[in-house]
Amino acid sequence: MEMAGDRTDSQGKRERAAIGFGFGGILKGLGDLIERLGELAEKGGELSKEGTLREFSTDKGVKGVYGFSIKVGLGGEDVKIEPFGNIRTDDKTGKSVVQEVREPMVDTFEEEDHILIVAEMPGIGEKDMELDLSDDILTISATRGDKKYHKEILLPRTFDKKKMSVSCNNGVVKIKLLK
């Protein structure tokens, strides 16, 4: 199996990469990951991988998409690994399954007077989204044609829904929660 994906280098340029999942491909991929994590630990930053797994599909023609984002703070502190996509492990069988609903890649930024949440949901417009804010959990759901997304985000504290603003441009959703 092979996965083609994008990665961002230390200068912020996106590169296209093909990753083999044979024994050699796994070792090379882990070596590259460790090297990049070392660079991130020195400078702080973000590493993300995404792609389409060609071997996964369903009767309905849904493609399997899986990726992850690794964020490292300065000095190697505060490491966060966040997966996204629509491939999950079935609790009963332990096998990987492709779901119709994708989990979007989401970044949360804590600013002085607000929290900014940025979600990548290609093909989605503002009218396609449904947001639910309950205590300290924000739930984002969106559907347009065959594109379906769902994500629950744990916020650092509770927020007032009346102080929430939303914008969407080219599938990039920005949600601002005022403190």
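Among the residues of the range 147-179, those that are in contact (Cβ under 8 Å) with a residue 40 or more places away in the chain and over 17 Å from GLU120 (Cβ atoms) comprise LEU155, PRO156, PHE159, LEU177, LEU178, LYS179. Pairs linking a residue in the range 83-104 that is crowded, with 19+ Cβ neighbours inside 10 Å to a residue that is at pLDDT 75 or above and among the aromatic types (Phe, Trp, Tyr), with Cβ atoms under 8 Å and 6 or more positions apart or on different chains, are ARG102/PHE84; ARG102/TYR149; GLU103/PHE84; GLU103/TYR149; PRO104/PHE84; PRO104/TYR149. Among all residues of the range 104-116, there is none that is among the hydroxyl-bearing types (Ser, Thr, Tyr) and more than 28 Å from ASP160 (Cβ to Cβ).
Could you please let me know if GLU126 is out of contact with any Leu (no Cβ under 7 Å at 6 or more places or on another chain), acidic (Asp, Glu), more than 16 Å from SER165 (Cβ to Cβ) and surrounded by fewer than 14 Cβ atoms within 10 Å (Cβ to Cβ)?
Working: out of contact with any Leu (no Cβ under 7 Å at 6 or more places or on another chain): yes; acidic (Asp, Glu): yes; more than 16 Å from SER165 (Cβ to Cβ): no; surrounded by fewer than 14 Cβ atoms within 10 Å (Cβ to Cβ): yes.
Spelling it out, it is not the case that GLU126 is out of contact with any Leu (no Cβ under 7 Å at 6 or more places or on another chain), acidic (Asp, Glu), more than 16 Å from SER165 (Cβ to Cβ) and surrounded by fewer than 14 Cβ atoms within 10 Å (Cβ to Cβ).
The values are calculated or read from the model by the stated rules, or taken from the named source; none is laboratory data. No experiment lies behind these values; they were computed from the predicted model shown. Quick reminder, even Gly has a Cβ in these numbers, built from the backbone with ideal geometry, and neighbours come from all protein chains shown.
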